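Here is the structure we will look at, set down as structure tokens.
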Amino acid sequence: MTALNRPIIEIRRHQMFPVLEPAEIERLRRFGEIRFFRAGEALARAGETGHGLSIILAGKVDITQQDGSGKTVPITTHEAGAFMGEVAQLSGRPALVSAYAQEPVEALVILPERLRALLIAEAELGERIMRALILRRVGLIETRGGGPVIVGRTGHGDVLRLANFLSRNGHPHQSFDVDTDPEAQAIVERFHVNPEELPIVVCPGGEFLRNPTESDLARCIGLVASIDPDRIFDVAIVGAGPAGLAAAVYAASEGLSTLVLDCRSFGGQAGASARIENYLGFPTGISGMALMARAYNQAQKFGAETAIPDEAIGLEVDSNSDRHVLTLHNNERVSARSVVVATGARYRRLDVADLERFEGASVHYWASPLEAKLCAGQEVALVGAGNSAGQAVVYLASHAAKILLLARGKDLGASMSRYPVERIKSLSNVEIVMQAAVTHLEGNGGMLEAIRWQANSGEMRRLIPHLFLFIGASPNMDWLAGSGIALDSKGFVLTGSDLGPDRLPLETSRKGIFAIGDIRSGSVKRVAAAVGEGAQVVATLHSFLTSQSRKPARVSERLELRGLGAAALAEVQRSVEQI
Ligand SMILES: Cc1cc2nc3c(=O)[nH]c(=O)nc-3n(C[C@H](O)[C@H](O)[C@H](O)COP(=O)(O)OP(=O)(O)OC[C@H]3O[C@@H](n4cnc5c(N)ncnc54)[C@H](O)[C@@H]3O)c2cc1C
């Protein structure tokens, strides 16, 4: 077995399960409180709200996960100096694993808020702990442990929808095929499920859902919780793509109370990129999902609160208080002193009859490992000629048997950068057809069988079960209708000097509402540009908030409220000043 396909727990065990020295534990005592557990008592149960990080001071704790059939599988045993927890503990979300005391245990329990304070205040120790928490999540995703189980038919649109949602949110899960998996059949029998009710989802807490929406599933597994309607955030950020996540990292690290929400998952369009090669500092490239997962964890580490999936459907200003009120799809309301609009863009759909029938199972807008697995060894068609289309072709070419690339223009180089064009041309299993337009889709039961397209040589038809569309994107601005925010002729949000000399940089036509990233008129549609604007907007937010009658507390006051001691405060203050 090569290092590449060895489990992460084997390759990086020492980083996943580090043992702290007694002097290090002494330093951390101020963040937690001592608790005692009897032999056999649970320190954590999968599916139940976690209590943060527990450092074992004496005794042994067995950590286990459930496999899809409900069997308990051991992960490790923690002894004195080890700590238990994974990234869910940063925000107090439900535990994905169970932990039982093997013998009487004494532990230092550090609640989520204090854990975040520790990670900031104790730079070196914080780095080791944060790395361990992230690697443990990666390990759970790899072994598909601790998450919900989807039972349905492989390739069914709703199975893909739910699996995609969990993957894009970095949540472990398993999918069982009811036609081939005895465990799936046992689950279906146990819950008396009719075939037309599939897929079903069994959550770690034992709850059972019939073909749920993403929102219902997220609530069942504790990914998202209710938002306190009386709470007023300094800033509410709508959209957790690179622009929104960057704004969340800078705002939260500078002490602003920050909520970031997204209707789908963190990462936005960048999360769908198979490999980002032009982002500064990653000379070998990085998958969009890996880059965005880092940003998401970083935002949580600094205390940004997240609500994913939660969709904003309206934005108004409460004239009595100058507060901005976001209305969410689930009827919740969020109040904030300022709002950052970072809703980016969404993929364009092809103007061809019956497209909707095939979306979900056969027509795809992302090229992630999930889709790659689905079309392994088959011929696929891909429509598009931009850089995102180029990346997708290069990625899919190593999984699919053949790729038919259909593009409207005469020359790929006119819309695609040189490096993907050269790579595509060197791939023997890619056929490029220029000046081509898809005219018909054929198939049954939502499964595509053939596509027809018009090209210079006439109308062509080919048996193809999967079609990928990468034909550009339009701004996600529908939810702003009625907000009075000025847009340009294409629907992108106008900001700053485009609106007049009295506007702050990145401020929209409404005071206290800012727009960043792809949604902004005139923005450069790149990850780095979106991240840059996310950082820049926070400086502007400070000017805006301090100009308001209710000034935000100084950074030090806010961090003090979060429970940091004087020495830690000084350290954080210094690092904030360096940002
Ligand atoms: C496949 C692909 C590959 C790419 N590759 C590269 C690359 O290699 N290099 C590069 O520099 N750029 C690349 N790009 C472009 C880059 O990804 C975008 O420029 C960048 O993601 C824009 O970031 P953003 O945060 O402004 O918006 P987005 O990434 O679009 O994020 C917006 C977020 O807002 C959410 N949202 C929308 N409406 C609502 C609502 N009403 N309520 C709540 N949430 C909402 C969406 O779900 C989304 O998560 C690629 C794009 C794609 C599609």
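Below are the figures for this structure:
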quantity: If the convex hull is drawn through the Cα atoms of the stretch 8-143, its volume per residue in Å³; calculated: 94 Å³
quantity: Cα radius of gyration and Dmax for the stretch 149-220 (Å); calculated: 11.1, 30
quantity: Where Rh is the Kirkwood radius over Cα pairs, Rg/Rh for the stretch 88-228; calculated: 1.05
quantity: Residue 69/residue 113 FRET efficiency (R0 25 Å; Cβ-Cβ; nearest 0.05); calculated: 0.10
quantity: Which of 14, 173 has the fewest Cβ neighbours within 10 Å, and the rest in rising order; calculated: 14, 173
quantity: Diffusion coefficient, µm² s⁻¹, Stokes-Einstein with Kirkwood Rh over alpha-carbon pairs of the chain at 25 °C and 0.890 mPa s; calculated: 96 µm²/s
quantity: DSSP-defined beta bridges in the chain - what % are antiparallel, rounded to 5; calculated: 60 percent
quantity: The stretch 168-184 - phi-based ³J(HN,Hα) in whole Hz, Karplus 6.51/-1.76/1.60, Gly and Pro as x; calculated: 5, 9, x, 10, x, 6, 10, 10, 10, 8, 5, 7, 10, 9, x, 5, 5
quantity: For the chain, size of Cβ-based charge dipole, Lys and Arg +1, Asp and Glu -1, in debye; calculated: 1080 debye
quantity: Isotropically averaged projected area of the stretch 418-493, using the convex hull of Cα atoms (one quarter of hull area), nm²; calculated: 8.9 nm²
quantity: FRET efficiency, residue 442 to residue 497 (Cβ-Cβ, R0 60 Å, nearest 0.05); calculated: 0.70
quantity: Simple spin-label estimate for residue 489 and residue 543 in nanometres, 7 Å along Cα-Cβ; calculated: 3.0 nm
quantity: Alpha-carbon centroids, the stretch 483-537 and the stretch 202-249: separation in whole Å; calculated: 25 Å
quantity: Viscosity 1.567 mPa s, temperature 4 °C, Stokes-Einstein D of the stretch 216-303 from Kirkwood C-alpha radius, µm²/s; calculated: 93 µm²/s
quantity: Order of 335, 489 under a 10 Å beta carbon neighbour criterion, fewest first; calculated: 489, 335
quantity: Stretch gain in nm, segment residue 62-residue 313, where the contour uses 0.36 nm per residue and the Cα spacing is subtracted; calculated: 85.8 nm
quantity: Net charge, residue 18 excluded, C-beta distance under 14 Å - Lys, Arg +1, Asp, Glu -1; calculated: -2
quantity: Contact order relative to length of the stretch 135-207, as percent, for alpha carbon pairs under 8 angstrom and 6 or more apart; calculated: 40 percent
quantity: Whole-percent pair-distance distribution, where bins are 5 Å wide, for the alpha carbons of the stretch 355-471; calculated: 2, 12, 25, 25, 21, 11, 3, 0
quantity: Stokes-Einstein D in µm²/s, Kirkwood radius over Cα pairs - the stretch 338-406 at 4 °C with 1.567 mPa s viscosity; calculated: 96 µm²/s
quantity: Separation in nanometres of the label points that stand 7 Å from Cα toward Cβ, at residue 38 and residue 535; calculated: 5.5 nm
quantity: Stretch gain in nm, segment residue 461-residue 294, where the contour uses 0.36 nm per residue and the Cα spacing is subtracted; calculated: 55.8 nm
quantity: Spatially proximal lysines relative to residue 373 (Cα-Cα < 16 Å; intrachain offsets below 8 disregarded); calculated: 402
quantity: Relative contact order (%) - criterion: Cα under 8 Å, at least six apart; region: the chain; calculated: 12 percent
quantity: Of 490/511; 490/525; 301/511; 410/525, those spanning more than 26 Å from alpha-carbon to alpha-carbon; calculated: 301/511
quantity: Helical contribution to [θ] at 222 nm, DSSP H n ≥ 4, -39,500 (n - 2.57), averaged over the chain, rounded to 500; calculated: -8500 deg cm²/dmol
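Each reported figure results from applying straightforward, stated rules to the coordinates on display, with no laboratory input. Please read all numbers here as calculations on a predicted model, not as lab measurements. Counting neighbours? That spans all protein chains shown, and the Cβs are built from the backbone with ideal geometry, glycine included.
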